[in-house]
Amino acid sequence: MARDVVLVTGGNSGIGFECARQLARAGWHVLIASRNRQASAEAVDRIARDSGADAASELGLDLGSIAAVRQFVREIDARDVPLRALVCNAGLQVHKGPSLSPDGYELTFAVNHLGHFLLTNLLLARLVRNAPARIVIVASGVHDPKFRTGMPKPAVADLATLAATGGPRAGAFDGRLAYVNSKLCNLWFTYELIRRIEAAGLSREGHWVSVNAFEPGLVPGSGLARDYPPVLRFIWDRVLPGLARVLSPAVPSINPADKAGAALAKVALDPELDRTSGRYFPSHARWRAASSSDASYDQAQARALWDASVGFARLAPGESPLLTSA
């Protein structure tokens, strides 16, 4: 594989596909990782027609399964992929539930946070070897209670309950709240990851490893509505995307997939961001760096989530350059 590689989770549709297409046009080889391999193969074909036969490839990845994430990384290692960028884009919102992952975690938490946490840690040594490298984690403005999003405000109590239910109470489930909480976890993970990378001396002059968060805004037509009732899914997939294209110039937090995907690609490849890390690029600021919610900067909570996630994912010393033996 001659080109540098960028891995995009969920890169077969929505903003993930549009990001992948832009990265391929910029000369990267895009590796699309998704559970839906047929959709991924179709996405690879579309990108190849646009940017050449070596522009894209795909591998199966189920972020909801710890075993599947590990198997995916073993395939990356076996191919010795020259990975220089990771875009943690895949996500889901569950309408009915709770649905549990194969490992017993609430599925929204498992896919949106825990799978990406494990994937990033298992790939980090490879990214460091190929530095300068980028990690971009796709968050959402719904994590910030200052904004009117129509979604509930984040509510996180103990992390074991969050992992089991997506919310603050045992035996209770709210799919919308589980999604909001998972997006807050994305910010805690982003900020804690770069703190640990810098403390470990893994990002240095000429070999930068940057970690940033990106917020696409409301992007109708994305896969987040796959679990919605049929009527709402039709409106989301067929009606609202055209409306988003009309509103986007005036309302920065509402965007079509191609516009948000291009902005995501820029965060992943813009050379001006080589030394920019630990920043949040939200749609409401037209994807200029801005502050995330007050709660997202809670370092104690971010450390607690990190430590809990190590246990949830059964991440062992030696599997990540950020973990050492006691």
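The values are calculated or read from the model by the stated rules, or taken from the named source; none is laboratory data. Please read all numbers here as calculations on a predicted model, not as lab measurements. Cβ coordinates were reconstructed from backbone atoms using ideal geometry, including for glycine residues, and neighbour counts include every protein chain displayed. Accessible surface areas use protein heavy atoms only, side chains included; no ligands, DNA or RNA. Shrake-Rupley method; radii C 1.70, N 1.55, O 1.52, S 1.80 Å.
From the list 163, 139, 110, which residue is modelled with pLDDT of 95 or more and within 27 Å of residue 274 (Cβ to Cβ)?
Being modelled with pLDDT of 95 or more and within 27 Å of residue 274 (Cβ to Cβ) holds for just one of 163, 139, 110, which is 139.
Would you pick out the residues in the stretch 26-43 that are of a type in the set (A, V, I, L, M, F, W, C), open to solvent by 10 Å² or more (accessible area, probe 1.4 Å) and within 13 Å of residue 60 (Cα to Cα)?
From the stretch 26-43, those of a type in the set (A, V, I, L, M, F, W, C) are 26, 28, 30-33, 39, 41, 43; that's our starting set.
From the residues that got through so far, the ones that are open to solvent by 10 Å² or more (accessible area, probe 1.4 Å) too are 26, 28, 39, 41.
Those that are of a type in the set (A, V, I, L, M, F, W, C), open to solvent by 10 Å² or more (accessible area, probe 1.4 Å) and within 13 Å of residue 60 (Cα to Cα): 39, 41.
Output the number of the condition that residue 150 fails; it satisfies all remaining conditions of (1) within 25 Å of residue 251 (Cβ to Cβ); (2) open to solvent by 20 Å² or more (accessible area, probe 1.4 Å); (3) part of a helix (DSSP H, G or I); (4) among the small types (Gly, Ala, Ser).
(3)
Residue under question is residue 164, and the condition is that it be among the small types (Gly, Ala, Ser) and closer than 27 Å to residue 98 by Cα; does it hold? Full working, then the answer.
Numbers: among the small types (Gly, Ala, Ser): yes; closer than 27 Å to residue 98 by Cα: yes.
Here the answer is yes, as residue 164 does meet what is asked.
So which of 309, 291 ends up being of a type in the set (Ser, Thr, Tyr), buried (at least 21 other Cβ atoms within 10 Å of the Cβ) and either modelled with pLDDT of 95 or more or within 24 Å of residue 131 (Cα to Cα) (or both)? Before the answer, list the steps.
On the way: 291 fails: buried (at least 21 other Cβ atoms within 10 Å of the Cβ).
It is 309.
Any chance you could count how many residues in the stretch 199-215 are in contact (Cβ under 8 Å) with a residue 24 or more places away in the chain and among the charged types (D, E, K, R)? Show your work before the answer.
Taking the stretch 199-215 as the starting set, the residues that turn out to be in contact (Cβ under 8 Å) with a residue 24 or more places away in the chain are 200, 202-203, 206-215.
In the following step, the residues that additionally are among the charged types (D, E, K, R) were identified as 215.
Number satisfying all stated conditions: 1.
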